[in-house]
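The values are calculated or read from the model by the stated rules, or taken from the named source; none is laboratory data. In this text the structure is predicted, and so the values were computed from the model without any measurement. With ideal geometry, Cβ positions are generated from the backbone for all residues, glycine too; neighbour counts draw on all protein chains shown. Surface accessibility is based on the protein's heavy atoms, side chains included, excluding ligands, DNA and RNA. Shrake-Rupley method; radii C 1.70, N 1.55, O 1.52, S 1.80 Å.
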Amino acid sequence: MAVAQRQLIRRTAFHPPAVAQLRASAPGERSRANLNNAFDSRSQFQTVFPAFCPIASATADLANAGIEERGAIFTRREVVNFILDLVGYTADRPLHKLRLLEPSFGQGEFLLAAIARLLDASLDALTCLDDTAVTLAGSIRAVELHNSSFVRTHKEVVALLRGRGFGVGLANTLADTWLINGDYLLVQLDANFDVVVGNPPYVRQELIPDVLLAEYRARYSTMFDRADLYIAFIERSLSSLANGGALGFICADRWMKNRYGGPLRQLVSDKFHLKYFIDMANAPAFHSEVIAYPAITVISREPQSSTLVARQPLIEGNALNLLARNLRSSNVMGADATITALTNVVVGSEPWIFESDAQFDLARRLEKQIPTVEEAGCMVGIGVATGADKAFIGRFDELDVEPDRKLPLATTRDILSGHVQWQGLGVINPFADQGGLVDLARYPRLRRYLETHKAQIMGRHVAQKAPANWYRTIDRIYPALASRPKLLIPDIKGEAQVVFEAGRLYPHHNLYYLTSDTWNLKALQAVLLSGIARLFVSMYSTKMRGGYLRFQAQYLRRIRIPLWSDVPDNLKRDLIQAAERADVSACNHAVYSLYQLTEAEKLTLAAVTQQNGA
């Protein structure tokens, strides 16, 4: 046995489960992961030898982190009760026969409401308080990593039990049994659950320690690409469901449509049923504002069928209670005309589409008959990300570098009016035309400029990862792009803003661009200004606060346009003239002919355009 392991066992001698797990391991399995697993069951193990166990050290840091670092957003009680109603955790059922899991209980909004319902449902059914305590011991498991939140909520649970007649000993025993202080993604849980509810933490990958992120990726296959932490929470929670069990979460809806959510959508498609989807756009569901739209999803472990959809409910107790009853009604469509039933929402890893049947049908017809924008010969890209804009970007005339080492830059400010009005910024180009970085010895002014800003430039992850290339921008710069005519589209907008740029500026990373050697860019601008762009982007994009859409490359590539060679000459002329006049109505009328829309489809696209605010 290694010396370090012997020292660890001596220091954990008062923790028999940890020691037993270590001693039971085969010599070849005594790896970092095995040692970390020995600490899974109790967070108190995490502080035993944190320097020896990087994962334990990282979780210990998060256990004392602030609200932003741990992604804590607290849910209003009316919404908590609504979700408990949706998953069927109601006091008119024998809840002591069910098992409920709360993965990240925070200040106890879901947990305390669930315990109150459990006691309401169980105390009348069970006559002996001691028997009740034994029976209820397996009814709830709730996990929280943050130390002070755990301590505070533990006290509130004990107080709730004491107020219902439990003695101090029994109340503390139940609280100790129900509550686990640790990392939900690492702790051991003993059985499947009938109900999982909560509001999983929203934490970007950049805020997760590298050692923890690697461990999460090893354990959870849906931690794909730029997936945020709540993705792993959903995966583990779904895997914890018993047959017929239901998960009810309120969280950001981004994973339902964007790239990183693909593996999780595939998991739901393969093994679960998306039962309810409640769009909470602009609804005050939390005690603080959030940027991304939240949604409530109820996913059950049962065969797929239609999904019931409700939108932007009134956040008021009686209204939500009635909506929950209607959603669970056997005659749901007769009970509430605002509820819609959609089929084929969940199809493999494809984005989930919750649009109206008419919009859905129109988009699907165009997808079957017409090429994508890139198949039609148009390239979609995004502008340059530098990682240190204050160093690489400045007033073009004031950037003291060789003339061929800077380019005039287009930013969102330059196109606010709908036309290009350059504000005079430029970007440093450290790349040689033939590839690689330029030799600073050949560019003394550039070298002097970069050395002046070296501390800021070196602070970037890309520079620390490759110190020899410390002065590169995150994205490579291709000067030829500046001289190409292009369409510029801001990322976040309530409507499609598409601006023609004649070929003088290089786009910044907040701008997406389209270029083409086949399509006339003015005609393409007309198509993108019409309801066609919003039809596709709104179906596949996540929405932001205020109803804004993300006009990102992944969504722009979903747009369908005919081949330019297939467009009649008179229609080409109409499209170009409509764009030059910035006449959205004329753009739409030309698009009606371009896509050969039926009268019903014209009305559908007109409705999309009205959503644009046009």
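Exactly one residue out of ASN192, ASN181, ASN243 is farther than 18 Å from LEU267 by Cα and either touching a Gly at 6+ places or on another chain (Cβ under 9 Å) or not β-branched (Val, Ile, Thr) (or both), and it is ASN181. Of all residues in region 356-383, those that are in contact with a strand residue (DSSP E or B) (Cβ under 9 Å, 6 or more places away or on another chain), crowded, with 17+ Cβ neighbours inside 10 Å and modelled with pLDDT under 90 total 1. Figure legend. Inter-residue proximity from region 403-432: first residues under 11 Å from TYR506 (Cα atoms), second residues open to solvent by 10 Å² or more (accessible area, probe 1.4 Å) and at pLDDT below 95, beta-carbon distance below 7 Å, spacing 6+ or different chains. Indicated pairs: THR411/ASN510. Against the numbered list (1) out of contact with any His (no Cβ under 9 Å at 6 or more places or on another chain); (2) open to solvent by 20 Å² or more (accessible area, probe 1.4 Å), GLY424 comes up short only at (2).
Within region 173-214, being in contact (Cβ under 8 Å) with a residue 60 or more places away in the chain, more than 27 Å from SER300 (Cα to Cα) and under 21 Å from the mean Cα position of the chain (by Cα) holds for LEU207, PRO209, LEU212. Can you tell me which residue among GLN107, GLN46 is modelled with pLDDT under 75 and buried (at least 16 other Cβ atoms within 10 Å of the Cβ)? Every option except GLN46 fails the conditions. Check whether at least one residue in region 545-552 is open to solvent by less than 20 Å² (accessible area, probe 1.4 Å), over 20 Å from ALA358 (Cα atoms) and at pLDDT 85 or above, and report yes or no. Scanning region 545-552 turns up no residue that is open to solvent by less than 20 Å² (accessible area, probe 1.4 Å), over 20 Å from ALA358 (Cα atoms) and at pLDDT 85 or above. Each residue in region 214-238 was checked for being in contact with a Leu (Cβ under 9 Å, 6 or more places away or on another chain) and assigned to a helix (DSSP H, G or I), and 12 pass. Consider region 315-333 and keep the residues that are outside any helix (DSSP H, G or I) and in contact (Cβ under 8 Å) with a residue 24 or more places away in the chain. The one that is most open to solvent (accessible area, probe 1.4 Å) is ARG328. Considering region 65-95, and only residues there that are at pLDDT below 65 and β-branched (Val, Ile, Thr), the residue that is nearest to SER149 (Cα to Cα) turns out to be ILE67.
Residue count for region 568-596 satisfying the condition of being assigned to a loop (DSSP other than H, G, I, E, B), open to solvent by less than 70 Å² (accessible area, probe 1.4 Å) and either polar (S, T, N, Q) or at pLDDT 95 or above (or both): 2. Taking region 133-149 as the range and being surrounded by 15 or more Cβ atoms within 10 Å (Cβ to Cβ), of a type in the set (Gly, Ala, Ser) and under 25 Å from ILE55 (Cα atoms) as the test, the residues that pass are ALA142, SER149. Against the definition (not in a loop (DSSP other than H, G, I, E, B) and not hydrophobic (A, V, I, L, M, F, W, C)), how does THR177 come out, yes or no? Spelling it out, THR177 is indeed not in a loop (DSSP other than H, G, I, E, B) and not hydrophobic (A, V, I, L, M, F, W, C).
For region 91-110, which residues satisfy the criterion of being assigned to a loop (DSSP other than H, G, I, E, B), of a type outside the set (A, V, I, L, M, F, W, C) and under 16 Å from LEU136 (Cα atoms)?
Let us first name the residues in region 91-110 that are assigned to a loop (DSSP other than H, G, I, E, B), namely 91-94, 98-99, 103-108.
Next cut, of a type outside the set (A, V, I, L, M, F, W, C) only: 92-94, 99, 103-104, 106-108.
Across region 91-110, the qualifying residues are ARG93, PRO94, ARG99.
Based on what the data block shows, is VAL168 in contact (Cβ under 8 Å) with a residue 60 or more places away in the chain and either under 27 Å from ILE231 (Cα atoms) or over 34 Å from the mean Cα position of the chain (by Cα) (or both)? Working first, answer last.
Values: in contact (Cβ under 8 Å) with a residue 60 or more places away in the chain: no; either under 27 Å from ILE231 (Cα atoms) or over 34 Å from the mean Cα position of the chain (by Cα) (or both): yes.
For VAL168, the condition - in contact (Cβ under 8 Å) with a residue 60 or more places away in the chain and either under 27 Å from ILE231 (Cα atoms) or over 34 Å from the mean Cα position of the chain (by Cα) (or both) - is not met.
Take the residues in region 235-248 that are of a type outside the set (Asp, Glu) and without any contact (Cβ under 8 Å) to a residue 60 or more places away in the chain; name whichever of them is farthest from MET539 (Cα to Cα). Among those residues, the one meeting the criterion is ASN243. Look through ASN469, ASN429 and report the one residue that is over 29 Å from the mean Cα position of the chain (by Cα) and open to solvent by 20 Å² or more (accessible area, probe 1.4 Å). Testing whether each residue is over 29 Å from the mean Cα position of the chain (by Cα) and open to solvent by 20 Å² or more (accessible area, probe 1.4 Å) leaves just ASN469. There is at least one residue in region 221-229 that is of a type in the set (Gly, Ala, Ser), over 19 Å from GLU109 (Cα atoms) and open to solvent by 10 Å² or more (accessible area, probe 1.4 Å).
Within region 452-466, the residues that satisfy the criterion of being more than 10 Å from GLY387 (Cβ to Cβ) and either β-branched (Val, Ile, Thr) or surrounded by 12 or more Cβ atoms within 10 Å (Cβ to Cβ) (or both) are THR452, HIS453, LYS454, MET458. Restricting LEU212, LEU186 to residues that are over 28 Å from ARG76 (Cα atoms) and surrounded by 20 or more Cβ atoms within 10 Å (Cβ to Cβ) narrows the list to LEU212.
Among the conditions (1) at pLDDT 95 or above; (2) in contact with an Asp or Glu (Cβ under 7 Å, 6 or more places away or on another chain); (3) surrounded by fewer than 16 Cβ atoms within 10 Å (Cβ to Cβ), ASP176 misses just one, which is (2).
Mind telling me which of the residues ARG162, ARG117, ARG152 ends up being open to solvent by 10 Å² or more (accessible area, probe 1.4 Å) and under 20 Å from PHE82 (Cα atoms)? Step by step, each of ARG162, ARG117, ARG152 is checked, and only ARG117 is open to solvent by 10 Å² or more (accessible area, probe 1.4 Å) and under 20 Å from PHE82 (Cα atoms).
Determine if region 153-162 includes at least one residue that is among the basic types (Lys, Arg) and touching a residue at least 12 places away in the same chain (Cβ under 8 Å). Quick ask: steps written out before the conclusion?
Step one: of region 153-162, the residues among the basic types (Lys, Arg) are 155, 162.
Adding the requirement that they be touching a residue at least 12 places away in the same chain (Cβ under 8 Å) leaves none.
Looking for residues that are among the basic types (Lys, Arg) and touching a residue at least 12 places away in the same chain (Cβ under 8 Å), one finds none in region 153-162, hence no.
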